[in-house]
Amino acid sequence: MIKEDKKTKRPFDLWESIFLVSGVFSFVVCVLLIANYFQINRADPVNTKVLNALIERLEQDESDQALRTEIREFDLLARKAYFTNQWQIRFGGYLLLAGVLVCILAALMIDAKKTKVKEIELPVKKTYVLTQRNARKWLSAGGLMLAVTAMVFAYITHKNMEDPVSGEASTGNDRNTFVDPESNRSDDLSPDTTQFAVADTAKADTVKKLVFNPLDYPTAAMKNNFPTFRGAGAIGLSHKNNAPVSWDGASGRNIKWKTAVPLPGMNSPIVWGNFVFLTGANEVKQEVYCFNKNTGKIIWKTNVPKSTQSPKVSDDTGHAAASAATDGENVYAVFSNGDIAAIDHAGKMIWSGNLGVPDKSYGHSSSLIVYFDKLIVQYDQKKGSNLMALDTKTGKTIWSTPRKVKSSWSSPSIVNTGSRVEILVLADPGLSSYDPATGKQLWSINCTSGEVGPSIAYANGIAFAVNEYAKLAAIKVGDQPTILWENNDYLSDVPSPVATKDFLFVATSYGEVACYNTKSGEEYWVHDFEAGIYSSPMIVGKLVYLMDRKGTMHIFKAEKKFTLVGEPMLGEKSDYTPAFADGQVFIRAGNNLYCIGK
Amino acid sequence: MKKSIYILFFILSAIFAFQSFPVNAENRFPKPEFEQGHIQPETITPSPRLLLLEYLDVAVLITALSLISYFILKKRSRKLVFWTSVFSVLYFGFYREGCVCSIGAIQNVTLALFKDDYHIPLTAFLFFIIPLIYTLLFGRTFCAGICPLGALQDIVGLKPMPIEAWLEKVLGIFPFIYLGLAVLFAATGTDFVICRYDPFVGFFRLDASFTMFMIGGLFLIAGVFIARPYCRFLCPYGALLNIISRFSFKHMTITPETCINCRLCENACPYGAINMPVQLKEKEKTETVVRRYILLSIMVPIFIFTGGFLASNFSSGFAHVNPKVKLAKELKNNTNYGMGEKEALEITAFRSSGQSMDELNLEVAKIEKEFYLGSWILGGFTGLVFGLMLISLTVFKYHPDYSPNKATCHSCARCMEFCPVKPGVL
């Protein structure tokens, strides 16, 4: 009899049935609503392939009324589908709400019918003190855990946290006004070349150790701007691909502004936010300039006092050959005599010093580059070459690695190989890699000779080194670097090469450009632009921009076959590498800085 | 212990959900472009709600609070409390779409206190203050069934399970932290985070981001098994009521007469808000208690300083929530809100406003300074709450019989149904 009772299933009563049905109904509606949400998110109804193709066809023949009608009908259909979908979501929401309400009501009714039997545990437990003790213990543990988590999180994110935007405002009153060049204290400089004068000692004292993920290099902010000679990482790659391809200096077509640069300099522009930076120098003065990116107006110019006599330089290099670098907070500049300075974006000198007058012809010309909190300086000379990292906040040396190389005028590049970040530096006798954190040499390979001017190109794990009277070498980077291929047909003494994943472009100073397969070294094409080239080519999207010495920009496709896209002329001599940001090109030419684009 | 794990899992899921689903509020369907002279109708801004109707809301709030207090204290009826909850969900929830609400009004009051150019609507102020007054008089009757958020969770709380008392205490600190954060963001004019992250308002309006629907759904599903998870472990207004209710003039009681210690109500409260009888013999040695009390009292200033120091490290991070700070940062780094080539609306608006970068930067510097000070206060407040909680767990509280914990009792009247003592019987 008992067995029969167990086997007999009690039939669902009315409320239980309602509960079950409404529960299943709500669940199904909920799943459908979620699916609908994802479907809507995935679809882009006014940007379908079909519609875009039709619009493209219409642009070719705007008089095609039948096509116009077809597009309208298609567009209307897409809109109808969208609003139908919206209605479905709203109606589904009401259905779900109704279903859930019925389900809850049924559950309450079922619950109300149940006899509430009180279960009492015997005997009475004496739990008061135990509960309090446990609560104290877990509350303390929880609080400690919260504090430790907060501390760790604060430590990890310290760089971001220590980056108050208001830093821009600290000298807000100085903005939009010229800084009196004489106002900078020349007596800040110590005769001891290893010492740096820090304008704001309080700021220097509060410098804290910064933490960052090395593999974030180059950061999104760097990519959005143009912080260094040859772009983020200094490998000739612009992360913006919307640069204009047409302009004319003579008529002013597509020239947004043109501003005279007070002092000469062979350095190229860099861009951050609303500012464009250049440096200029002669035998008596050294200056850093900040231009308004939208108007071209010089917002400020800051004098970097000469700490020592400048060396003899040629006209081709001058006293301000090295391009400046910025990290979004300060702009860093170095001059032919080794004077180096950090200036904030309001024009205020943060620190300055001298690296020692370089023992080489033409003076110092290697451009600067920033690696998070370190300013990397390649200081190759006849004796005592070294690569150093200066603290961006104070100018103090973080590390300095001696280099057994001859004088060079190339600039350091920083590449992210995917597993680590390396500083790649080229000088006779070869290419060397350094750990940016410690300055330790990671590897080195002999591949060049002579007085090296060009910097390297890098793409897809392969670095390309070239120098006149030496050779072109493709080097697979890594702890065991290997030369993949070599060539000595087209060599450069000034412009640096540039590479995409598949193609390498080598521009020579006499005007010929050669394109190679990056992996095999197969020569795809050679084109003679019939004008000398000192500027380094830049990859911008699928195009290569290359300025010749006459001021004509040669724009061609980064492809296996040579295809010229445009040859806009500026009309002024230019030996500088252009900068790219926000759909604009910034070119130094003659004594002017140009902004091209809208 | 198993139930505690469920709760922890739920909280982690909610946090994960916050992180995982980006808010997609972009209007993906632009207006059609007409070529035949059709003029787009002007965008119409809905007119504000009639003032008279706003006062009606206040009248409804007072009436509902009076009625529910009467139902709890005089009628001692769980059923009437339940139906009042249903009414609140319908009126304050679905009809008034969760606004104005007392929880969010904390931010209006804060903003009015810190920003001279903000004038708080009278109704918002009344919605903030009236439940506080009723709580001071009758305990948390507002939570019982007037707050639409609490009422909704109360209705779905079908299978509530008790959780460990110690866990209840530990999680009890979060409403205070949330309260501090909400005050910080409101005081700096940054955001009304309580409203932005209200998990239930989307249901009332049938309109919210997918993320918020998911979070709200998680809370409701969890609410079936863990009674009122939002009220107990997050609600910032609940944190205020928790303090005020301790001093309530006439709080509800489990028994209408003298408690006979029958123990029938022992497991009745889904919120663990019943003080069990504690015998004097359970008391620890006075010497031990006093020593611990003194030690913790000395530690409180250390907790305050440590909390302040830790929170101050996040001041820049907190400040970046502020739209102006965010704008300045985007402009400074030229990151264009990650919009790629198309200029972000915020930047277009800034350019057309005529404000200079210098003016913006000076404004931002002021905001960041406020955040720095505010973060110290927030951290100090959290440290203080933490210290006081530890002290309260040291003090021996003698209870001869079963009584509601005035701080955490939501006055839902469930326990009354279990009491066999009827008024006037004893």
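The values are calculated or read from the model by the stated rules, or taken from the named source; none is laboratory data. Computed from a prediction, not measured in an experiment: that's the story for all the values here. Don't worry about glycine lacking a Cβ; one is built from the backbone with ideal geometry, like all the others, and counts go over all protein chains shown.
None of B:Phe386, B:Phe350, B:Phe371 is at pLDDT 85 or above, touching a Ser or Thr at 6+ places or on another chain (Cβ under 7 Å) and among the aromatic types (Phe, Trp, Tyr) except B:Phe371.
Here A:Thr193 clears all of (1) among the hydroxyl-bearing types (Ser, Thr, Tyr); (2) surrounded by 21 or more Cβ atoms within 10 Å (Cβ to Cβ); (3) at pLDDT below 80 except the condition numbered (2). Please verify whether B:Lys250 is more than 21 Å from the chain's Cα centre (by Cα) and not assigned by TED's automatic domain parsing to the domain that holds B:Thr141, treating the condition exactly as stated. No.
For every residue, the table says whether it meets (1) surrounded by fewer than 20 Cβ atoms within 10 Å (Cβ to Cβ); (2) touching a Cys at 6+ places or on another chain (Cβ under 9 Å); (3) without any contact (Cβ under 8 Å) to a residue 12 or more places away in the chain; (4) part of a strand (DSSP E or B).
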position	(1), (2), (3), (4)
A:Leu431	no, yes, no, yes
A:Gly450	yes, no, no, no
A:Ser455	no, no, no, no
A:Pro495	no, no, no, no
A:Phe505	no, yes, no, yes
A:Tyr510	yes, no, no, no
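Kindly evaluate B:Leu295 against the criterion of being assigned to a helix (DSSP H, G or I) and touching a helix residue (DSSP H, G or I) at 6+ places or on another chain (Cβ under 8 Å). No, not satisfied.
Against the conditions (1) more than 18 Å from B:Ala105 (Cα to Cα); (2) touching a residue at least 40 places away in the same chain (Cβ under 8 Å); (3) surrounded by fewer than 22 Cβ atoms within 10 Å (Cβ to Cβ), B:Ile215 satisfies every one except (3). The requirement of being closer than 26 Å to B:Phe87 by Cβ and either at pLDDT below 95 or not assigned by TED's automatic domain parsing to the domain that holds B:Ser102 (or both) is fulfilled nowhere in region B:172-191; no residue meets it.
Among the residues making up region A:110-156, those that are part of a helix (DSSP H, G or I), more than 7 Å from chain B (Cβ to nearest Cβ) and modelled with pLDDT under 85 are A:Ala112, A:Lys113, A:Leu130, A:Phe153, A:Tyr155, A:Ile156. Residue count for region B:300-327 satisfying the condition of being out of contact with any Leu (no Cβ under 8 Å at 6 or more places or on another chain) and within 11 Å of chain A (Cβ to nearest Cβ): 14.
Do we find that B:Phe203 is assigned to a helix (DSSP H, G or I), under 29 Å from B:Ala64 (Cα atoms) and at the interface with chain A (Cβ under 9 Å from one of its Cβ atoms) in this structure? Steps first, please.
Details: assigned to a helix (DSSP H, G or I): yes; under 29 Å from B:Ala64 (Cα atoms): yes; at the interface with chain A (Cβ under 9 Å from one of its Cβ atoms): yes.
Considered against the rule, which asks whether it is assigned to a helix (DSSP H, G or I), under 29 Å from B:Ala64 (Cα atoms) and at the interface with chain A (Cβ under 9 Å from one of its Cβ atoms), B:Phe203 comes out as yes.
Among the residues of region A:392-414, those that are of a type outside the set (Lys, Arg) and touching a Ser or Thr at 6+ places or on another chain (Cβ under 8 Å) comprise A:Gly395, A:Thr397, A:Trp399, A:Pro402, A:Val405, A:Ser407, A:Ser408, A:Trp409, A:Ser410, A:Ser411, A:Pro412, A:Ser413.
For region A:538-560, give me each residue that is surrounded by 22 or more Cβ atoms within 10 Å (Cβ to Cβ) and either within 21 Å of A:Phe229 (Cβ to Cβ) or not assigned by TED's automatic domain parsing to the domain that holds A:Phe226 (or both). Scanning region A:538-560 gives A:Met538, A:Ile539, A:Val540, A:Val544, A:Tyr545, A:Leu546, A:Met547, A:Asp548, A:Met553, A:His554.
State yes or no: is B:Ile274 surrounded by 14 or more Cβ atoms within 10 Å (Cβ to Cβ), more than 9 Å from chain A (Cβ to nearest Cβ), in contact with a strand residue (DSSP E or B) (Cβ under 9 Å, 6 or more places away or on another chain) and of a type in the set (A, V, I, L, M, F, W, C)?
yes
Only residues that are among the charged types (D, E, K, R), touching a helix residue (DSSP H, G or I) at 6+ places or on another chain (Cβ under 9 Å) and assigned to a loop (DSSP other than H, G, I, E, B): list them for region B:392-426, please. Hits for region B:392-426 are B:Lys397, B:Lys406.
Looking at B:Leu331, B:Leu345, B:Leu310, which one is farther than 30 Å from B:Phe174 by Cβ, outside the structural domain of B:Ile130 (by TED's automatic domain parsing) and crowded, with 20+ Cβ neighbours inside 10 Å? Steps first, please.
Working: B:Leu345 fails: crowded, with 20+ Cβ neighbours inside 10 Å; B:Leu310 fails: farther than 30 Å from B:Phe174 by Cβ.
One residue alone meets the criteria, B:Leu331.
Does region B:236-244 contain any residue that is more than 13 Å from every other protein chain (Cβ to nearest Cβ), closer than 24 Å to A:Met145 by Cα and not in a loop (DSSP other than H, G, I, E, B)? Yes.
Of the residues A:Ile462, A:Ile414, A:Ile423, A:Ile445, the single one that is over 19 Å from A:Pro218 (Cβ atoms) and out of contact with any helix residue (DSSP H, G or I) (no Cβ under 7 Å at 6 or more places or on another chain) is A:Ile445. Restricting to region A:561-583, name every residue that is surrounded by 22 or more Cβ atoms within 10 Å (Cβ to Cβ) and in contact with a Gly (Cβ under 7 Å, 6 or more places away or on another chain). Within region A:561-583, A:Leu570, A:Ser574 meet the criteria. When every residue of region A:338-347 is checked against the conditions, at least one turns out to be over 22 Å from A:Gly231 (Cα atoms) and out of contact with any helix residue (DSSP H, G or I) (no Cβ under 9 Å at 6 or more places or on another chain).
Of all residues in region B:351-391, those being part of a loop (DSSP other than H, G, I, E, B) and either at the interface with chain A (Cβ under 9 Å from one of its Cβ atoms) or buried (at least 21 other Cβ atoms within 10 Å of the Cβ) (or both) number 1. When B:Thr394 is tested against the conditions (1) modelled with pLDDT under 90; (2) over 30 Å from B:Tyr271 (Cα atoms); (3) facing chain A (nearest Cβ under 9 Å), the lone failure is (2).
Of all the numbered requirements in (1) modelled with pLDDT of 90 or more; (2) outside any loop (DSSP other than H, G, I, E, B), A:Ser336 misses one, and that requirement is (2). The set of residues in region B:328-350 being within 9 Å of chain A (Cβ to nearest Cβ) and either closer than 20 Å to A:Ala346 by Cα or polar (S, T, N, Q) (or both) consists of B:Ala328, B:Lys329, B:Leu331, B:Lys332, B:Asn333, B:Asn334, B:Thr335, B:Asn336.
Is it true that B:Tyr337 is under 30 Å from A:Val331 (Cα atoms), free of Cβ contacts under 8 Å to residues at least 12 places away in the same chain and of a type in the set (Phe, Trp, Tyr)? Here the answer is yes, as B:Tyr337 does meet what is asked. If the condition is being charged (D, E, K, R), more than 10 Å from chain B (Cβ to nearest Cβ) and in a helix (DSSP H, G or I), then region A:211-230 contributes only A:Asp216. Considering only residues of region B:179-212 that are surrounded by fewer than 20 Cβ atoms within 10 Å (Cβ to Cβ) and of a type in the set (Ser, Thr, Tyr), which is farthest from A:Ala141 (Cα to Cα)? If we take residues in region B:179-212 being surrounded by fewer than 20 Cβ atoms within 10 Å (Cβ to Cβ) and of a type in the set (Ser, Thr, Tyr), then B:Ser209 is farthest from A:Ala141 (Cα to Cα).
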